[in-house]
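In what follows, a structure is listed as structure tokens, so that the remarks can point back to it.
The values are calculated or read from the model by the stated rules, or taken from the named source; none is laboratory data. Given the structure is predicted, the values throughout are model-derived calculations rather than measurements. Every residue, glycine among them, receives a Cβ derived from its backbone with ideal geometry; neighbour counts consider all protein chains shown.
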Amino acid sequence: MRFLLDAEQAEFGRTLDRLLGAADTPTVIRAWSSGDHGPGRALWERLGGTGVFALGVPEAFDGAGFLPVELALSYVELGRHGVPGPVVETAAVARLLGCLPEVAKEWLPQIASGDAVVSLGVDSSYVLDADSADAVFVVSGDELRLASGGHGPLLPSADPARRLYAPADGGTLLARGPDVQDAAARAVDLASFLTAAQSLGVGLSLLHRTVEYVTQRTQFGVPIGSFQAVKHRLADALTGLEFARPLVFGAALSLAPGDIAAAKVATGEASYAAARAALQLHGAIGYTQELDLSLWLRKARPLRDAWGTPAACRARVLGG
């Protein structure tokens, strides 16, 4: 299959790239990591103005309909620029509520416009960014609840910008029954798919930053990027990412669970490989928090495991 974006889709991607490139996302990420959500919320509102969050909301609730290719394109850019916050979870909530129209009316228009930041836990031990969310939806078994009374304690996280909280007990029961389970399964599939797209963006950013570094860093009077071993390491990272890219857009076309799982494995592993290469080729400076590279290095592994570990996704592929 040969997949090409049309002119409108390509321009949408360029628009997001320009917006995020001018947003000083490293400063936003560092603020978010420290618990200061102001810059992140301001960026969220700007993204809402571009229609990013409307892409997963039905038209009946002021959205653009469900457009998985455009969603994939958007989330690659969100990952490439390191946008913090529950961006995946907000889209997953839109998918969940879109399948449960009786409880959708209050939140979906706010999600579509970017006015609401929401998070989601599905039979999970944590909820992402519960401290910054306007609402936290929790699915346990066949029950959907709107968490109330705050959230549990902050949990350890490899990426400080991924602030993990124990889900709060109780909350308002919104729906119960097999429809909730079916809707939750669709939401989890979308979360896995968008995390794959986000991982691809993180890997592309890591590779780009490393290529820039090795063309500037010199040793023995020449750029280290001219060394054969360095070229091979970067070529391997590029190959992994470029093989993963069509799996993401193939999954966008089919939305088959097996295709989503395959994309999740490929992007997660490729991004993690790009992170290892970036760290090795930057040397000791790669460990420093002052270097912006560290903000992306710390994303690759958590995203690889979020919404479907490699082992779980491989099992899903093998199981059809």
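Got at least one residue in segment 51-61 being modelled with pLDDT under 95, part of a helix (DSSP H, G or I) and aromatic (Phe, Trp, Tyr)?
So far as segment 51-61 goes, yes, one or more of its residues are modelled with pLDDT under 95, part of a helix (DSSP H, G or I) and aromatic (Phe, Trp, Tyr).
More than 12 Å from Leu206 (Cβ to Cβ) and touching a residue at least 60 places away in the same chain (Cβ under 8 Å) - does that describe any residue in segment 268-283?
Yes, that holds for at least one residue.
Under the condition of being free of Cβ contacts under 8 Å to residues at least 24 places away in the same chain and β-branched (Val, Ile, Thr), which residue from segment 284-320 is farthest from Thr210 (Cα to Cα)?
Thr309
Given (1) among the β-branched types (Val, Ile, Thr); (2) surrounded by 17 or more Cβ atoms within 10 Å (Cβ to Cβ); (3) at pLDDT 95 or above, identify the lone condition not met by Thr239.
The failed condition is (2).
Those residues that are of a type in the set (Ser, Thr, Tyr), surrounded by fewer than 20 Cβ atoms within 10 Å (Cβ to Cβ) and in a helix (DSSP H, G or I), I need them from segment 258-293; list them, please. Break it down stepwise before answering.
Step one: list which residues in segment 258-293 are of a type in the set (Ser, Thr, Tyr), which gives 267, 271-272, 287-288.
After this cut, where a residue has to be surrounded by fewer than 20 Cβ atoms within 10 Å (Cβ to Cβ) as well, the list is 287-288.
Tyr287, the sole residue that qualifies.
Tally time: how many residues in segment 53-72 are within 25 Å of Arg41 (Cβ to Cβ) and of a type in the set (D, E, K, R)?
Here the count works out to 2.
Residue-by-condition table, conditions (1) more than 23 Å from Asp142 (Cβ to Cβ); (2) among the hydroxyl-bearing types (Ser, Thr, Tyr); (3) free of Cβ contacts under 8 Å to residues at least 12 places away in the same chain:
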{"residue": "Ala42", "(1), (2), (3)": "yes, no, yes"}
{"residue": "Val52", "(1), (2), (3)": "yes, no, no"}
{"residue": "Val69", "(1), (2), (3)": "yes, no, no"}
{"residue": "Val83", "(1), (2), (3)": "yes, no, no"}
{"residue": "Glu106", "(1), (2), (3)": "no, no, yes"}
{"residue": "Gly114", "(1), (2), (3)": "yes, no, no"}
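With closer than 30 Å to Leu293 by Cβ and either buried (at least 22 other Cβ atoms within 10 Å of the Cβ) or not polar (S, T, N, Q) (or both) as the only criterion, which of Ala91, Ala64 stands out?
Details: Ala64 fails: closer than 30 Å to Leu293 by Cβ.
Just a single option satisfies the conditions, and that option is Ala91.
Assuming Leu194 fulfils every condition listed in (1) crowded, with 22+ Cβ neighbours inside 10 Å; (2) over 27 Å from Pro101 (Cβ atoms) apart from one, which condition is it?
Against the list (1) crowded, with 22+ Cβ neighbours inside 10 Å; (2) over 27 Å from Pro101 (Cβ atoms), Leu194 comes up short only on (2).
Could you tell me whether Pro39 is within 25 Å of Pro156 (Cα to Cα), in contact with a Ser or Thr (Cβ under 7 Å, 6 or more places away or on another chain) and surrounded by fewer than 23 Cβ atoms within 10 Å (Cβ to Cβ)? Full working, then the answer.
Working: within 25 Å of Pro156 (Cα to Cα): yes; in contact with a Ser or Thr (Cβ under 7 Å, 6 or more places away or on another chain): yes; surrounded by fewer than 23 Cβ atoms within 10 Å (Cβ to Cβ): yes.
In short, yes.
If Phe66 passes every condition in (1) farther than 14 Å from Thr195 by Cβ; (2) among the aromatic types (Phe, Trp, Tyr); (3) in a helix (DSSP H, G or I) but one, which one does it miss?
Going through the list (1) farther than 14 Å from Thr195 by Cβ; (2) among the aromatic types (Phe, Trp, Tyr); (3) in a helix (DSSP H, G or I), Phe66 breaks only (3).
Among the residues in segment 79-100, are any in contact with a Pro (Cβ under 8 Å, 6 or more places away or on another chain) and closer than 22 Å to Ala185 by Cβ?
From segment 79-100, those in contact with a Pro (Cβ under 8 Å, 6 or more places away or on another chain) are 82, 98; that's our starting set.
Narrowing further to those that are closer than 22 Å to Ala185 by Cβ: 98.
Yes, segment 79-100 contains a residue that is in contact with a Pro (Cβ under 8 Å, 6 or more places away or on another chain) and closer than 22 Å to Ala185 by Cβ.
Kindly evaluate Leu255 against the criterion of being surrounded by fewer than 16 Cβ atoms within 10 Å (Cβ to Cβ) and within 22 Å of Leu73 (Cβ to Cβ). Explain how you work it out, then say what you get.
Numbers: surrounded by fewer than 16 Cβ atoms within 10 Å (Cβ to Cβ): yes; within 22 Å of Leu73 (Cβ to Cβ): yes.
Against the criterion (surrounded by fewer than 16 Cβ atoms within 10 Å (Cβ to Cβ) and within 22 Å of Leu73 (Cβ to Cβ)), Leu255 qualifies.
Looking at segment 159-187, I want the residues that are on the phi > 0 side of the Ramachandran plot and without any contact (Cβ under 8 Å) to a residue 60 or more places away in the chain and have a partner that is surrounded by fewer than 20 Cβ atoms within 10 Å (Cβ to Cβ) and not aromatic (Phe, Trp, Tyr) with Cβ atoms under 9 Å, at least 6 apart or on another chain. Which pairs are those?
Within 9 Å, the pairs are Gly170/Ser148; Gly170/Gly149; Gly171/Leu146; Gly171/Ser148; Gly171/Gly149; Gly177/Asp142; Gly177/Glu143.
Mind listing whichever residues of segment 3-33 are over 25 Å from Pro86 (Cβ atoms) and either part of a helix (DSSP H, G or I) or in contact (Cβ under 8 Å) with a residue 24 or more places away in the chain (or both)?
Phe3, Leu5, Ala7, Glu8, Ala10, Glu11, Arg14
Please work out which one of (1) surrounded by 15 or more Cβ atoms within 10 Å (Cβ to Cβ); (2) modelled with pLDDT of 95 or more; (3) part of a helix (DSSP H, G or I) is the condition Val214 fails and give its number.
With respect to (1) surrounded by 15 or more Cβ atoms within 10 Å (Cβ to Cβ); (2) modelled with pLDDT of 95 or more; (3) part of a helix (DSSP H, G or I), Val214 is out only on (2).
Go through segment 266-313 and give me each residue that's among the aromatic types (Phe, Trp, Tyr) and under 15 Å from the mean Cα position of the chain (by Cα).
Quick first cut of segment 266-313, residues among the aromatic types (Phe, Trp, Tyr) only: 272, 287, 296, 307.
Of everything in segment 266-313, those that are among the aromatic types (Phe, Trp, Tyr) and under 15 Å from the mean Cα position of the chain (by Cα) turn out to be Tyr272, Trp296, Trp307.
Examine segment 175-183 for a residue that is under 17 Å from Ser119 (Cα atoms), touching a Phe, Trp or Tyr at 6+ places or on another chain (Cβ under 6 Å) and crowded, with 19+ Cβ neighbours inside 10 Å, and state whether such a residue exists.
no
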